[in-house]
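The values are calculated or read from the model by the stated rules, or taken from the named source; none is laboratory data. This one's a predicted model, so the numbers in the text were calculated from it and none came from an experiment. Cβ atoms come from the backbone with ideal geometry, glycine included; neighbour counts cover every protein chain shown.
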Amino acid sequence: MFNLLSIMPLDSDADVLLGFLAVFFIFIVIGSIIALICSIITIIGQWKVFEKAGRPGWAAIIPFYNNWVLFELGDVNPAFIFFGIGGSILAAIPNSINVIAREYPVLYPISIILSLISIGLSITMIVFTIKACMRLAEKFGKNPMYGLGLAFLAVVFFPLLGFDKNAVYTETKNK
């Protein structure tokens, strides 16, 4: 067996494990750097979009508040953000219950119900985020499909919208 990093023969299982861990670590570091770069690009794009819409640009940096501003701009009730927060919190509880349920199997159905509620709340948050992004795109004179780009490829579409000289925000209520 050969180590992909050094093309030297491996002498033991420990060498194989170390090689695997080295490659795994490299992928984790590269993935983290890519995620950080994408996050920074998205924040810059949201900052510019928020400023064009007359909101403070720094709102793009603050977790949850950036979604609050996005929902306000997209004419969606910002209280729906709590669906996402609740879904995130509920996602951790079933794992804790499963640890206890090893001794008390009657708790497994509760764990499944909480997992399903968590999934439902998260899906609701995703739907309202898509709705807000589509309305925001319309307010900037873009096609509602551009809003799908804002929702699913924020790293590309928020900077495009933020730095587009022709995109002008117009306040209209689309309820």
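To keep it simple, each residue is scored yes or no on (1) farther than 30 Å from Ile112 by Cα; (2) surrounded by fewer than 18 Cβ atoms within 10 Å (Cβ to Cβ); (3) in contact with a Pro (Cβ under 6 Å, 6 or more places away or on another chain); (4) not basic (Lys, Arg).
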site	(1), (2), (3), (4)
Ile26	yes, yes, no, yes
Cys38	yes, yes, no, yes
Gly45	yes, no, yes, yes
Phe50	yes, no, no, yes
Ala60	yes, no, no, yes
Working only within region 30-84, note down all residues that are in contact with a Lys or Arg (Cβ under 7 Å, 6 or more places away or on another chain) and more than 21 Å from Asp164 (Cα to Cα).
-> Asp75, Val76
When region 49-97 is checked residue by residue, the ones that are in contact with a helix residue (DSSP H, G or I) (Cβ under 6 Å, 6 or more places away or on another chain), farther than 19 Å from Thr172 by Cα and of a type in the set (Gly, Ala, Ser) are Gly57, Ala59, Ala60, Gly84, Gly86, Gly87, Ala91
Condition test on Ile33, is it over 28 Å from Pro144 (Cα atoms), modelled with pLDDT of 95 or more and not basic (Lys, Arg)?
-> yes
Exactly one of Ile113, Ile100, Ile117 is modelled with pLDDT of 85 or more, surrounded by fewer than 16 Cβ atoms within 10 Å (Cβ to Cβ), over 15 Å from the mean Cα position of the chain (by Cα) and β-branched (Val, Ile, Thr), and that one is Ile113
Out of (1) at pLDDT below 95; (2) under 17 Å from the mean Cα position of the chain (by Cα); (3) over 30 Å from Gly120 (Cα atoms), the one Phe80 does not meet is (3)
In the list Leu150, Leu73, which residue meets the criterion of being touching a Phe, Trp or Tyr at 6+ places or on another chain (Cβ under 6 Å) and under 18 Å from Ala53 (Cβ atoms)?
-> Leu150
Selection within region 128-153 - in a helix (DSSP H, G or I), surrounded by fewer than 19 Cβ atoms within 10 Å (Cβ to Cβ) and within 13 Å of the chain's Cα centre (by Cα) = Ile130, Phe152
Within region 111-123, is even one residue out of contact with any helix residue (DSSP H, G or I) (no Cβ under 6 Å at 6 or more places or on another chain), not in a helix (DSSP H, G or I) and not hydrophobic (A, V, I, L, M, F, W, C)?
-> no
Can Leu70 be described as assigned to a helix (DSSP H, G or I) and touching a Cys at 6+ places or on another chain (Cβ under 9 Å)?
-> yes
